[in-house]
Amino acid sequence: MAYLLHQTLLETAARSPDAELLVHDKTSSVSAAEFACEAAHFAARLRRLGIGRHDRVAVFLPKVPLAAFALYGAAMVGAIFVPLNPLLKRAQVAHILNDCGVRLLVTNPERLHALTDILADCPTLEQLVLSAPSPGPLDCPLPCEVWSAMGEVEPARFRQPPAIDTDVAAILYTSGSTGRPKGVVLSHRNVAEGARSVAEYLAISAHDRVLALLPFSFDYGLNQLTTSVLRGACCALLDYVLPQDAMHAMARFDITGLGAVPALWSQLAPLAWPDSVRERLRYITNSGGTLPDSVLERLRRALPKTRVFLMYGLTEAFRSTYLAPELIDARKGSIGKAIPNAEIEVLRADGTPAAVNEPGELVHRGALVALGYWNDPARTALRFRPLPSTHHALPFPEIAVWSGDTVRRDEDGFLYFLGRDDGMIKTSGYRVSPEEVEEVVYALDDVLSAAAFGVPHASLGHTIALVIQLRPGTIIDEARIHAACRRALPRYMQPSHIEFRADLPLNDNGKVDRKRMQTEFIARNTVSEPDAP
């Protein structure tokens, strides 16, 4: 069994060298053997440039085959890869490069031109590798090499450095709710075991063709690549602009598997799904937030032959639970049970197990627990904490991820998400889940996206603000929203402030950015004090 991430690629290439592992456009197709050769080629070049074990290599590219080659090639030489979201701006890129001390950056000429004025402020950065020659002169203070000029190396002839599965493989930066992005440190074991676990319950095989819509900087997006490589499936790479682009790609690449976040599913669900896509699409997955019931039902109607997997995860442990498709109706609203090779506990604040249906914190233990946050011992100590030991003879405690998410477990062991500790709205002495408020308005056909959040209030603690994006060409007034909320929610959960916007801001991973909207809303509005419920 492959213990290191790049070993999964080498095993697949040895087993099925001609298998199509990557497709990118109408003409670009990469076999397993070609993928392995390109990764080894990059690893050998890194070694010649003095990059080796534990050095950080950042990849700032669109979702193209070269980005995948660079990730696996960095792992092969023992380096730590740092995928950067292609949507990041210069200041965000500079923060990440400096925060984890990146020594080499892989990018393209267009992105390099946008970064030239920050490179002098990145003292650890020593070398650039460009995906293609620059069409014009480069104003760059660092040595640059072009990928195509690097030569070729056979994977079997490349001497890999000593490594074990607890060595660091990657650092994934998450936007977080406050402050600058934090880097989640993942071992080879984390990434490879995550691929095995997901491939198992999704039953991914060499016959599957997975459409990768999400960035590799997002653990969910990276896993679409790693599961495909592990099982020898084909991974279709797409940087989409419009939801319709994804629909065209599914038809063009004969896609059998698709994963997305709620904001994207809300855009895809109402589209016309071609018969060819409906026939071939074996499964779809959702993670990154609760999928509104109205969107879920629309998807199920549009895709009656497709299995729908509802999943819960966090970058610090990648994936924690999933709900099997056949249980969606029987276990409505559940996030399911633990994925293979993980255990989920529901604990009270004192660390004791919560009773059946008692709210508690979701705590994840097992092989997917990350190594912590890079260069941030304070936040690491807050999120990665020892479990209360049941084996008192063991001298060292086990470290688990304390998610900060409140859940409950029913009498049959199924878990239900209640809200994030830092996202829960506290009003009139009650704790309100923003997802529960959002679910009500998502049931209205004309609502495309919604976000609820708390607004500080002198006597109530918080009141509830609701920001809504409507489908193009539709109109709903505040009275209809208030009426829907009155029908479905108790008085203390009623929104006091409703705002319509043309679009809702998303964070780097495509999730609706509630924290940003809350900050902007408070800055724009002087909140009146409605009567207490």
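For Asp117, the requirement of being exposed (fewer than 12 other Cβ atoms within 10 Å of the Cβ), in the same structural domain as Val57 (by TED's automatic domain parsing) and not in a loop (DSSP other than H, G, I, E, B) is met. Residue pairs whose Cβ atoms lie under 9 Å apart, sitting 6 or more positions apart in sequence or on different chains, and linking a residue in region 89-104 that is surrounded by fewer than 18 Cβ atoms within 10 Å (Cβ to Cβ) to a partner that is among the aliphatic types (A, V, I, L, M) and part of a helix (DSSP H, G or I), are Lys89/Ala114; Arg90/Ala114; Arg90/Leu115; Arg90/Ile118; Ala91/Ile118.
When Val59 is tested against (1) surrounded by 21 or more Cβ atoms within 10 Å (Cβ to Cβ); (2) in contact with a Gly (Cβ under 7 Å, 6 or more places away or on another chain), exactly one condition is not met: (2). For region 332-344, filtering for residues that are farther than 11 Å from Leu310 by Cα and crowded, with 19+ Cβ neighbours inside 10 Å leaves 4. Whenever a residue of region 182-202 is touching a residue at least 24 places away in the same chain (Cβ under 8 Å), its partners that are basic (Lys, Arg) and in a helix (DSSP H, G or I), lying with C-beta atoms within less than 6 angstrom and at least six residues away or across chains, give the pairs Ala199/Arg231.
As a summary of the residue check, Leu87 satisfies the conditions (1) at pLDDT 95 or above; (2) of a type in the set (A, V, I, L, M); (3) not in a helix (DSSP H, G or I) except for the one numbered (1). Taking the criterion of being within 23 Å of Asp165 (Cβ to Cβ) and touching a residue at least 12 places away in the same chain (Cβ under 8 Å), the residues of region 386-401 that qualify are Pro386, Leu387, Glu398, Ile399, Ala400, Val401.
For (1) part of a loop (DSSP other than H, G, I, E, B); (2) in the same structural domain as Val512 (by TED's automatic domain parsing); (3) modelled with pLDDT under 90; (4) surrounded by 18 or more Cβ atoms within 10 Å (Cβ to Cβ), each residue gets a yes or a no:
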site: Asp165; (1), (2), (3), (4): yes, no, no, yes
site: Ala169; (1), (2), (3), (4): no, no, no, yes
site: Thr178; (1), (2), (3), (4): yes, no, yes, no
site: Gly194; (1), (2), (3), (4): no, no, no, yes
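Put simply, of Ala317, Ala269 the only residue that is in contact with a His (Cβ under 7 Å, 6 or more places away or on another chain), small (Gly, Ala, Ser) and either closer than 28 Å to Leu10 by Cα or modelled with pLDDT under 95 (or both) is Ala317.
If I filter region 448-484 down to residues being crowded, with 19+ Cβ neighbours inside 10 Å and not in a strand (DSSP E or B), which single residue comes out as modelled with the lowest pLDDT? Among those residues, the one meeting the criterion is Leu460. Taking the listed residues Glu345, Glu316, the one that is in contact with a helix residue (DSSP H, G or I) (Cβ under 7 Å, 6 or more places away or on another chain) and over 30 Å from Val277 (Cβ atoms) is Glu316, with no other qualifying.
Just give me the residues in region 64-84 being part of a loop (DSSP other than H, G, I, E, B) and surrounded by 22 or more Cβ atoms within 10 Å (Cβ to Cβ), in sequence order.
As a first pass, look at region 64-84 and keep what is part of a loop (DSSP other than H, G, I, E, B): 64, 77-79, 84.
Answer for region 64-84, where residues must be part of a loop (DSSP other than H, G, I, E, B) and surrounded by 22 or more Cβ atoms within 10 Å (Cβ to Cβ): Val77, Gly78, Ala79, Leu84.
When region 187-206 is filtered for residues that are hydroxyl-bearing (Ser, Thr, Tyr) and out of contact with any Asp or Glu (no Cβ under 9 Å at 6 or more places or on another chain), the ones remaining, listed by number, are Ser197, Tyr201, Ser205. Against the criterion of being touching a Phe, Trp or Tyr at 6+ places or on another chain (Cβ under 7 Å) and in a loop (DSSP other than H, G, I, E, B), Leu394 does not qualify. Out of curiosity, is Val129 more than 25 Å from Asn190 (Cα to Cα), free of Cβ contacts under 8 Å to residues at least 60 places away in the same chain and within 31 Å of the chain's Cα centre (by Cα)? Considered against the rule, which asks whether it is more than 25 Å from Asn190 (Cα to Cα), free of Cβ contacts under 8 Å to residues at least 60 places away in the same chain and within 31 Å of the chain's Cα centre (by Cα), Val129 comes out as no.
Sort out which residues of region 211-258 are acidic (Asp, Glu) and touching a Pro at 6+ places or on another chain (Cβ under 6 Å), and write them in order of number. Quick ask: steps written out before the conclusion?
To start, the set of residues in region 211-258 that are acidic (Asp, Glu) comprises 219, 239, 245, 254.
Of everything in region 211-258, just one residue is acidic (Asp, Glu) and touching a Pro at 6+ places or on another chain (Cβ under 6 Å), namely Asp239.
Return a yes/no flag: does region 417-437 have any residue that is over 30 Å from Val467 (Cβ atoms) and at pLDDT 85 or above. Explain how you work it out, then say what you get.
In the first step, residues of region 417-437 are kept if they are over 30 Å from Val467 (Cβ atoms); the result is none.
So far as region 417-437 goes, no, none of its residues is over 30 Å from Val467 (Cβ atoms) and at pLDDT 85 or above.
Of all residues in region 28-43, those that are farther than 17 Å from Leu105 by Cα and modelled with pLDDT of 95 or more have Cβ atoms under 9 Å from Cβ atoms of residues that are in a helix (DSSP H, G or I) and polar (S, T, N, Q), 6 or more apart or on another chain, in Ala32/Thr12; Phe35/Thr12; Ala36/Thr12.
The values are calculated or read from the model by the stated rules, or taken from the named source; none is laboratory data. Only a predicted model underlies this, so the values are computations on that prediction, with no experimental measurement involved. Using ideal geometry, Cβ is built from the backbone for each residue, glycine included, and neighbour counts are taken over all protein chains shown.
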